[in-house]
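The values are calculated or read from the model by the stated rules, or taken from the named source; none is laboratory data. Predicted model, so just to flag it, every value in this text is computed and none were measured. Cβ placement follows ideal geometry from the backbone for every residue including glycine, while neighbour counts extend to all protein chains displayed.
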Amino acid sequence: MATFDFATGTLTIDASTSLFHGRPSPDESPLSGGTELAKYGEWENYGIKNVKVWGKTFGVAARFCNRKLAMIDFVWVDGVAKKIDWSATEDDLVKEKKTLSKLIASEAQSPCVSSTIGADTFVFNWGTLTVHADLRSMIVTTSVAYTEEKA
């Protein structure tokens, strides 16, 4: 099972695959199990299927900007929103967001700093983690966004 280190913001998928702030893009350092999803401008996106972390299975998107890892997005594969797709209701999405937020608060041993019906945000020294129920796309995403390092 993969691990997410809340102290550093590092997702370790297996012995040879870690996603961390500033990790070089797969063009420079191969990403085991990663599939190119899109490249546009300074952005590159790669997907990794069936990553088990926090006792759940997620699809993971690694988003690189200027050849450095900038964001990680998680979509809960076994969650209600993904299973019932466009039939998901607003209540389904909000319940799933709450479930994931409680799980993350427990794992991180840190409460969210901002909570709305659509998003819960956690702040760490490396950046933010936001659980977002997107009513337009009918999906719940958990996004890690790394803060720019100060020069």
**Prompt:** Quick one: how many residues across the stretch 121-149 are under 17 Å from Gly9 (Cα atoms) and charged (D, E, K, R)?
**Reply:** 2
**Message:** Going by what's in this entry, would Asp91 be described as assigned by TED's automatic domain parsing to the domain that holds Val140 and acidic (Asp, Glu)?
**Reply:** yes
**Asked** If a residue has to be modelled with pLDDT of 95 or more and hydrophobic (A, V, I, L, M, F, W, C) to count, how many in the stretch 141-151 make the cut?
**Response** 2
**Prompt:** Here is a list of conditions, (1) closer than 17 Å to Leu129 by Cα; (2) at pLDDT below 95, and Ser29 meets all of them except one; can you say which number that is?
**Reply:** (1)
**Request:** Could you look through the stretch 112-140, keep only residues that are under 12 Å from the mean Cα position of the chain (by Cα), of a type in the set (Val, Ile, Thr) and modelled with pLDDT of 95 or more, and pick out the one that is surrounded by the fewest Cβ atoms within 10 Å (Cβ to Cβ)?
**Result:** Thr128
**Request:** Within the stretch 15-34, identify whether any single residue is in the same structural domain as Arg67 (by TED's automatic domain parsing), closer than 19 Å to Val77 by Cα, among the aliphatic types (A, V, I, L, M) and free of Cβ contacts under 8 Å to residues at least 40 places away in the same chain, and answer yes or no.
**Result:** no
**Prompt:** In the stretch 6-45, how many residues are assigned to a strand (DSSP E or B) and either among the hydrophobic types (A, V, I, L, M, F, W, C) or more than 13 Å from the chain's Cα centre (by Cα) (or both)?
**Reply:** 15
**Message:** Just to be sure before I move on: is Ile48 over 15 Å from Ile139 (Cβ atoms) and either of a type in the set (Val, Ile, Thr) or outside the structural domain of Thr116 (by TED's automatic domain parsing) (or both) in the structure I sent?
**Reply:** yes
**Asked** Given the conditions (1) at pLDDT 95 or above; (2) surrounded by fewer than 16 Cβ atoms within 10 Å (Cβ to Cβ); (3) closer than 18 Å to Gly59 by Cβ, which single one is not true for Ala105?
**Response** (3)
